[in-house]
Structures are given as C-alpha cells and as structure tokens.
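A short write-up of the structure that comes next.
The values are calculated or read from the model by the stated rules, or taken from the named source; none is laboratory data. No experiment lies behind these values; they were computed from the predicted model shown. Please note: Cβ atoms are built from the backbone with ideal geometry, for glycine as well, and neighbour counts cover all protein chains shown.
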Amino acid sequence: MATSAGGGVGDVTSYKAAHDLSSNQYRFIQVTAANTVGSTGISGTTKCGILQNEPAVAGLGADVMFTGISKLVMGGTCSAGNRLESGTDGRGVIADSGTTSFCNAEALEAASAAGDIISVNQVAFINTSATA
C-alpha cells in the first residue's frame, strides 16, 4: 500500500502521461497505450483509475490509483454508497440505474454539486444498480 500525494491510500502505479493532464487530478483516467495513460475516450464502459498528480507535459509521470481510498472530482450530486462510473470528462457520476456499466468507485461521502471533491473507495465491478 502506498499513500498518494492527495492523502489517499491504495495501489498507486506510475505511468507516462499521454498528453497534458494538469487539469485531470482526481479524475478518472485510462490506459491508452503501453505504460501510458490519458483522458480521451473515457466512458461508463471503461475501466479507469484515478489520477493522483498533475503531469503537465506528455511523457511525465502520471500516478494512477486503481484500488484504494482516493479523492474524486464529481460531475454531479451523489450520496454515500452510490456506485460511480466515469463521465466523458473523467468526473465521477452515479452509475446508470437499470443498465450494465463498469463502475470504478463507491462514494464514501455525499457530493452536493458538480465539482465537489469527495472520498471514494476505488474498486472495479460490473454494476446493474445505482446503489450498493
């Protein structure tokens, strides 16, 4: 277990940034090539990690948490216990109820507005319901 720069605890792996990721800290990120991560093409059907730092140039180290407790920028409101997937901008959104999606985290606290940064349990599972 490692402690991330943001104070989260979990499995953090360092990759190369595919592009400027300085505005993506605490957002979902995905592997785009060998040992490389980026923010393009993210959706609720994608397995993602959460970026822990702010690499501003392609090729710099990008620390990504795939399991553990992390912060996450939210794209809307949620309640503690909600299962979360990635919106197209990498922000957390409640997993779509009634559809099968790839959840990447469970909210440990509520978010009252888009842009809130909350604590989440970074896990990966197939979701068929919006709540645990």
Do we find a residue being exposed (fewer than 14 other Cβ atoms within 10 Å of the Cβ), at pLDDT below 90 and more than 23 Å from residue 9 (Cα to Cα) anywhere in region 45-63?
yes
Kindly indicate whether residue 103 is farther than 17 Å from residue 36 by Cβ, touching a Phe, Trp or Tyr at 6+ places or on another chain (Cβ under 8 Å) and either crowded, with 20+ Cβ neighbours inside 10 Å or not acidic (Asp, Glu) (or both).
yes
Residue pairs meeting the criteria (Cβ under 8 Å; at least 6 apart or on separate chains; first farther than 24 Å from residue 119 by Cα, in region 19-40; second of a type in the set (D, E, K, R) and surrounded by 15 or more Cβ atoms within 10 Å (Cβ to Cβ))
35/16; 36/16
Among the residues of region 73-86, which ones are over 11 Å from residue 109 (Cα atoms) and at pLDDT 95 or above?
73, 74, 75, 76
Quick check on my filter: what residues within region 30-72 are more than 23 Å from residue 83 (Cα to Cα) and not in a strand (DSSP E or B)?
34, 35, 53, 54, 55, 56, 57, 58, 59, 60
